[in-house]
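Since the structure comes first, as structure tokens, the remarks are kept for the end.
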Amino acid sequence: MSPYALSMLMSSLAMGTIITLSSSHWFLAWVGLEINTLAIIPLMTKMHHPRATESATKYFLTQATASALLLFSSTMNAWMTGEWTIMDMNSYTPTTILTIALAIKLGIAPFHLWLPDVLQGLDMMTCLILSTWQKLAPMALLILTSHQLNTNLLILMALASAVIGGWGALNQTQMRKIMAYSSIAHLGWMTLVISFAPGLALLNLMIYLMMTSSMFVMLMTLNATNMNKLSISWLKTPTLAASMMTGLLSLGGLPPLSGFLPKWLILQEMTKHHLGALSAVMALSALLSLFFYLRLSYMISMTSPPNISNANLTWRKKNDLSLINPILVVLSTMLMPITPMLLM
């Protein structure tokens, strides 16, 4: 792709998200989401492969459906209340339609089916953008309207996301599909706490963005798209293999890594609201996710392949991501010491 076209698309992506984040009017928020969707589709199809075209088509159809629902809910709300502002969604039907629209945009269960298929057809850099940057605008709208949304519906979707995100990845071997199910499970945790403590949902989103970015950057560096390629990566870059193991355990939510912090605070918040049974189910669903992260960690750090690989010696190639990598790894594994400051 031409550098001019790429810079145009990336700036459109940034502009779409910024418009949505800074808007107080539903129509402007919708425009930002549309710019976002239209800017990423050319990035998806730049591989010129049938799978990439299929992914872009699926993504376009789901996002168009979600945008239509969002516009419909905001128009219905304006018709009922005479208000177009984002903070004034007081009617039951528009808020339910809005919740469903944002769930489709984000890939929250039971509207998650497009996410693994779309990610599987894309290259790693587009997967990174789709799993991180594209979550910001819909999540911001969800946080802004969280006090008006149906709490029971959000809790049901959160439970479904956490369980499906754990179950779905158990039999996967492709790294992009595993990261998609990981995204679904993390979104479940954010959706669960968003009605009770939107600040915690935001903290969870920030830590999720750091962990996912560091994971995709490491996968790009190792050029690993499935578990077999992952198992021979210690031959190429042993240090990166060790970093990846800690990154995976952090995604699984093991203490004392960063991924444990949001899960701990969310479970604490839930028990404060006397939702002990719900907390127990969410903690058990986290064990499902932890199983496949542990399996990947075991594969990357504790198994040796039956024969020495004849893969390219990646340490001899100049890597553009070598500076970003250590920063992201530190952020995604060592944020636990700031917990007392957050609890203040």
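The values are calculated or read from the model by the stated rules, or taken from the named source; none is laboratory data. Predicted model only: the values in this text are computed from it and were never measured. Cβ sites come from the backbone with ideal geometry, for glycine too, and all protein chains shown count toward neighbours. Surface accessibility is based on the protein's heavy atoms, side chains included, excluding ligands, DNA and RNA. Shrake-Rupley method; radii C 1.70, N 1.55, O 1.52, S 1.80 Å.
Which of (1) touching a Ser or Thr at 6+ places or on another chain (Cβ under 8 Å); (2) closer than 23 Å to LEU21 by Cβ; (3) surrounded by fewer than 18 Cβ atoms within 10 Å (Cβ to Cβ) does ASN150 not meet, given it meets every other one? All conditions pass for ASN150, except number (2).
Taking the criterion of being part of a loop (DSSP other than H, G, I, E, B), surrounded by fewer than 23 Cβ atoms within 10 Å (Cβ to Cβ) and of a type in the set (A, V, I, L, M, F, W, C), the residues of region 94-114 that qualify are PHE111, LEU113. Counting only residues that are among the polar types (S, T, N, Q), touching a Phe, Trp or Tyr at 6+ places or on another chain (Cβ under 8 Å) and part of a helix (DSSP H, G or I), region 76-93 holds 1 of them.
Of the residues ALA201, ALA162, ALA241, the single one that is part of a helix (DSSP H, G or I), within 20 Å of LEU113 (Cα to Cα) and open to solvent by less than 50 Å² (accessible area, probe 1.4 Å) is ALA162.
Return the residues of region 215-234 that are part of a helix (DSSP H, G or I) and in contact with a Pro (Cβ under 8 Å, 6 or more places away or on another chain); say none if nothing qualifies. If the condition is that a residue be part of a helix (DSSP H, G or I) and in contact with a Pro (Cβ under 8 Å, 6 or more places away or on another chain), then SER231 is the only one that fits.
Only one of the numbered conditions (1) touching a helix residue (DSSP H, G or I) at 6+ places or on another chain (Cβ under 6 Å); (2) β-branched (Val, Ile, Thr); (3) more than 27 Å from GLN174 (Cβ to Cβ) is violated by VAL281, and that is (1).
Would you pick out the residues in region 24-75 that are part of a helix (DSSP H, G or I), among the polar types (S, T, N, Q) and farther than 20 Å from HIS112 by Cα?
THR45, SER73, SER74, THR75
Evaluating ASN77 against the criteria (1) free of Cβ contacts under 8 Å to residues at least 40 places away in the same chain; (2) in contact with an Asp or Glu (Cβ under 9 Å, 6 or more places away or on another chain) leaves one unmet condition, (1).
Counting the residues of region 103-151 that are of a type in the set (S, T, N, Q) and touching a Pro at 6+ places or on another chain (Cβ under 7 Å) gives 1. Kindly establish whether SER74 is surrounded by 21 or more Cβ atoms within 10 Å (Cβ to Cβ) and of a type outside the set (Lys, Arg). For SER74, the condition - surrounded by 21 or more Cβ atoms within 10 Å (Cβ to Cβ) and of a type outside the set (Lys, Arg) - is met.
Counting only residues that are surrounded by fewer than 19 Cβ atoms within 10 Å (Cβ to Cβ) and either in a loop (DSSP other than H, G, I, E, B) or touching a helix residue (DSSP H, G or I) at 6+ places or on another chain (Cβ under 6 Å) (or both), region 255-268 holds 2 of them.
Is there a residue being outside any helix (DSSP H, G or I) and at positive phi anywhere in region 138-147?
No, there is no match, as no residue in region 138-147 is outside any helix (DSSP H, G or I) and at positive phi.
Scanning region 276-290 for residues that are within 19 Å of LEU187 (Cβ to Cβ) and of a type outside the set (S, T, N, Q) yields LEU278, VAL281, MET282, ALA283, LEU284, ALA286, LEU287, LEU288, LEU290.
Residue pairs whose Cβ atoms lie under 8 Å apart, sitting 6 or more positions apart in sequence or on different chains, and linking a residue in region 16-38 that is farther than 17 Å from ILE104 by Cα to a partner that is charged (D, E, K, R) and part of a helix (DSSP H, G or I), are GLY16/GLU34. Of all residues in region 13-30, those being more than 19 Å from the chain's Cα centre (by Cα) and crowded, with 17+ Cβ neighbours inside 10 Å number 5. When MET175 is tested against (1) without any contact (Cβ under 8 Å) to a residue 40 or more places away in the chain; (2) in contact with a strand residue (DSSP E or B) (Cβ under 7 Å, 6 or more places away or on another chain), just one condition goes unmet, and that condition is (1).
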